[in-house]
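Inspection log for the structure reproduced underneath, given as structure tokens.
Each value in this text was obtained by applying a stated rule to the coordinates, not by laboratory testing. Quantities reported herein were computed from a predicted structural model and do not represent experimental measurements. Cβ placement follows ideal geometry from the backbone for every residue including glycine, while neighbour counts extend to all protein chains displayed.
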Amino acid sequence: MRTRFTELFEIDHPLMQGGMQWVGRAELVAAVANAGALGCITALTQPTPEALAAEIAHCRELTDRPFGVNLTILPSITPPPYAEYRQAIVESGVKIVETAGANPAEHLAHLQPAGVKVIHKATSVRHALKAESLGVDAVSIDGFECAGHPGEDDVPGLILIAAAASRVRIPMIASGGIADARGLVAALALGADGANMGTRFMCTVESPIHQRIKQQIVANDERATNLIFRSLGNTARVARNGVSDEVVQRLADGGAFADVRELVAGRRGAKVYETGDPEHGIWWAGQSQGLIDDIPTVAALVARIVGESEKLIAGRLAAIVS
Ligand SMILES: Cc1cc2nc3c(=O)[nH]c(=O)nc-3n(C[C@H](O)[C@H](O)[C@H](O)COP(=O)(O)O)c2cc1C
């Protein structure tokens, strides 16, 4: 399968692994790259810009294929040193960055002159068009199904991707709720040039999280998520558990961020992935959990999705019109 996305980023398959806090580390990213798809190291998982440079160097030892780095720009009382992380990316020679979370203009001005192509991830048509007008090289659009921050418009991918495809001119990647060949083919049919997956890549052999969390994803169905922070205007889709149920309840009862701060602490969430206790804190996963039944290697997963997509297009779909 060849699309504008595979050509622009010089990859074999129209599949991407977007930024994943605590999960997007060198082993997973290199496995995705070696499978012919586009993987992204998550910059802010690394405690310092120096550690990010070391992680990029480690990934280079594991693959000679292209890979990217995700830079997530989040509102914060004490923001991380974004300019220094960005500098580490540029100096390391990485040529692809996925930005997300806020307007990427400031970063574009430094990344693109250094020869870095930027994919901006958005959750609405208007934000995608804004990113296009700023000159990003591609956009990725996250539908409401996605793990992470789906925005506040609640528009699922079936509408959002098609609506975006009608207006966005640059290469566009569909994201959110995609976990198999049916999702990839649907994304292409809706007008996207490829598909981005988070939750599905999180549940692979090379994903650096505890085996019990992978098993939990396999056991979970499509209802096993919660939307937290709705009343704070910063909606996040996370795995459903006792902690996320409690966060939803406290905020529904009129609570403020201070009332859930301890429950949502990032270090508690990180412990979930380390210890394998799915009830220890908040962890990210999307509705696509309902489509995930196994824990394959990344190579097997990518080969399966690509192979089944080709069969689906040339077989069942072609037969409908023959
Ligand atoms: C564990 C996990 C952590 C994530 N962390 C980030 C992040 O730090 N930055 C970001 O831009 N997106 C993050 N995402 C969102 C993914 O990049 C991707 O957009 C999303 O997972 C797509 O939806 P899906 O999970 O239904 O495939 C995360 C997703 C998961 C599952």
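The figures follow:
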item: FRET efficiency, 1/(1 + (r/R0)^6) with R0 51 Å, evaluated for residue 313 and residue 76 via beta carbons; result: 0.75
item: Charge dipole of the chain about the Cα centre (unit charges at C-beta), most positive-ward option of 109, 53, 236; result: 109
item: Nitroxide proxy distance, nm - points 7 Å out along Cα→Cβ at residue 218 and residue 205; result: 1.3 nm
item: Distance histogram in 10 Å bins (all Cα pairs of region 1-106, percent per bin); result: 16, 50, 28, 6, 0
item: All lysines inside 19 Å of residue 130 as judged from Cα atoms, apart from same-chain residues fewer than 8 positions distant; result: 117, 121
item: Pairwise label distance in nanometres, residue 134 with residue 4, each label 7 Å out on the Cα-Cβ vector; result: 1.9 nm
item: Taking 1, 202 and counting other C-beta atoms within 10 Å, the order from fewest to most; result: 1, 202
item: Overall Cα dimensions of region 72-180 - principal axes, largest extent first, Å; result: 39, 32, 28
item: Helical contribution to [θ] at 222 nm, DSSP H n ≥ 4, -39,500 (n - 2.57), averaged over the chain, rounded to 500; result: -11500 deg cm²/dmol
item: Compactness of region 225-284 - radius of gyration and Dmax, Cα, Å; result: 10.7, 32
item: All lysines inside 20 Å of residue 271 as judged from Cα atoms, apart from same-chain residues fewer than 8 positions distant; result: 214
item: Cα centroid of region 109-147 to Cα centroid of region 4-77, whole Å; result: 16 Å
item: Extension reserve of the residue 256-residue 169 stretch, reckoned as 0.36 nm per residue once the Cα distance is removed; result: 27.3 nm
item: Cβ-placed point charges (K, R +1; D, E -1), dipole of the chain about Cα centre in debye, nearest 20; result: 440 debye
item: Candidates 89, 178, 159, ranked by Gaussian network fluctuation over the chain, Cα under 10 Å, top entry; result: 159
item: Which of 294, 193 has the fewest Cβ neighbours within 10 Å, and the rest in rising order; result: 294, 193
item: Antiparallel bridge percentage (DSSP; both residues within the chain; nearest 5); result: 15 percent
item: Alpha-carbon gyration tensor eigenvalues x 5, square-rooted, for the chain, Å; result: 27, 24, 21
item: Amide H contacts under 5 Å for residue 22, placed H, 5+ residues apart; result: 45
item: Length gained when the stretch residue 48-residue 275 is fully extended (0.36 nm per residue, less Cα-Cα span); result: 79.4 nm
